[in-house]
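We did not get these values from a lab; they are worked out from the coordinates using the rules stated. Only a predicted model underlies this, so the values are computations on that prediction, with no experimental measurement involved. Neighbour counts are summed over all protein chains in view; Cβ atoms, including those assigned to glycine, are modelled from backbone coordinates with ideal geometry.
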Amino acid sequence: MIQRIDVGPRMSDAVVHNGLVYLAGQVATGSATDIAGQTREALAAIDALLDKAGTDRSRVLRAQIFLADKADFPGMNAVWDQWVVPGHTPARATVQAALARPQWKVEIVITAAVD
């Protein structure tokens, strides 16, 4: 069985299949303009989607992080380090990339285990 969460015309925000949830890239959707605020907003969106899928951040297996500017790496990491569950840190890759909208500084893609 495949469960799609928050289905849109182009993509779903998350898809659950075979004990895993795959999240689409999450970005800031509020008014944050700095890397710390945008990272917090993206992580809050991730928490909400993980909850809809019946899991949480302690079950994250993999994170892919895209930064518009690699100079934001320390600022993003400061927020990430407060969010991630100690002892349950996922495999992670962080790269610099041109994001779809110029105001976005960070986009985070998550794969997590579902109970």
What distance in nm separates the simple spin-label points at Y22 and D47, each placed 7 Å from Cα in the Cβ direction? 2.7 nm
Computed E for T29/H88 - FRET, C-beta separation, R0 30 angstrom, nearest 0.05: 0.70
Give me the percent of DSSP beta bridges within the chain that run antiparallel, rounded to the nearest 5. 75 percent
Please list the non-local residues whose amide H lies under 5 Å from the amide H of T55, H modeled 1.01 Å from N, same-chain partners needing a gap of 5 or more. none
Work out the length of the dipole vector of region 13-87 about its Cα centre, built from +1 on the beta-carbon of each Lys and Arg and -1 on the beta-carbon of each Asp and Glu, and round it to the nearest 20 debye. 240 debye
Angle check, please: helix 73-83 long axis (alpha carbons) against the longest principal axis of the chain (alpha carbons), in degrees 0 to 90, nearest 10. 40 degrees
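With runs of 4+ DSSP H residues as the only contributors, calculate the mean residue ellipticity of the chain at 222 nm using -39,500 (n - 2.57) per run, divided by the residue total and rounded to the nearest 500. Walk me through the numbers before you get to the answer.
Values: 2 runs with 29 residues, N = 115.
Here the helix-only value at 222 nm equals -8000 deg cm²/dmol.
Express in nm, to one decimal, how much length is gained between M11 and Q96 on full extension, taking 0.36 nm for each residue of separation and deducting their alpha carbon distance. Provide the component values of the computation, followed by the final result.
On the way: separation 85, 0.36 × 85 = 30.60 nm, distance 2.32 nm.
Result for the pair: 28.3 nm of gain on full extension.
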May I ask for the angle, rounded to the nearest 10°, between helix 35-52 and the longest principal axis of the chain, with both axes built from Cα atoms and the value confined to 0 to 90°? 0 degrees
